[in-house]
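Visitor: One structure, pasted below without further comment.
We did not get these values from a lab; they are worked out from the coordinates using the rules stated. In this text, all values refer to a predicted model and were calculated from it rather than measured experimentally. All Cβ positions, even for glycine, are placed from backbone atoms using ideal geometry, and neighbour counts span all protein chains on display.
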Amino acid sequence: MPGGPFLFAVFGLVFLFVLIQVGALQVAFHKLGLDPEAGMTLLFVSLMGSLVNVPLFRMEAEEPAEPPPELFRGLLKHRQPFEGVTTVAVNLGGCLLPLTFSAYLVLHAGAAGFDYLLAVATVSAVSYYASRPVPGIGIGMPIIIAPLAAAMAGILIDPEHGPAIAYVGGTLGVLIGADLLRLKDIRKMGSPVASIGGAGTFDGIFITGIIAVLLA
């Protein structure tokens, strides 16, 4: 879906601009132990990386049993045609980079390993039950649900390390609950590309992590 990643990047840049204006990014960076320059670099690379999908494998798929919602039909006009095969890929900005930064936080932020696992499990369960397959598009989920769940997990599990736990729980929880555990639904969505962590899943990994940190 060529138009999807581009629209996500544009939305992300607008969102980033708004956060900068209110000083929210500086607060999020401080909570994660990053200086503003390092934080801006991470966010910029994540946004640009959202345009890059790395193919993993292809699987046979079928047309969805029902048409896509009218809200998304305009996007389908700009994507590559569905020919009975779905390419499963991982998104650089929405999957690989958040995984790398989450690993960094787990190793250096100071929270207990079990606390991270508990947060990830909690957000994964919430994301799975809150997400739904969108015919012809991918997996959809209200964008505020995962940040709220991650922030609550960080606050309740370990308030001292709440921001780091919220980020790891929010990003990995969405990847697992709304992407990996939903792979079984791909065969019935009629989508030419299924990107784990990509804009086509509408999960907003980047936004989930930032909002979760701000709320924690």
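Visitor: I'd like the Karplus ³J(HN,Hα) series for segment 97-114: coefficients 6.51, -1.76, 1.60, θ = phi - 60°, whole numbers in Hz, and an x wherever there's a Gly or Pro.
Guide: Karplus values, whole Hz, x for Gly and Pro: 5, x, 4, 5, 5, 4, 4, 4, 5, 4, 7, 10, 7, x, 6, 6, x, 5.
Visitor: Can you give the extra length, in nm with one decimal, that the chain gains between Asp35 and His108 once fully stretched, where that is 0.36 nm per residue apart less the Cα-Cα distance? Intermediate results must be reported in sequence, preceding the final value.
Guide: Numbers: separation 73, 0.36 × 73 = 26.28 nm, distance 1.50 nm.
Going from the current span to full extension adds 24.8 nm.
Visitor: At 7 Å along the Cα-to-beta-carbon direction for both Glu62 and Arg187, put a label point, then send me their distance in nm to one decimal.
Guide: Result for the modelled spin labels: 0.9 nm.
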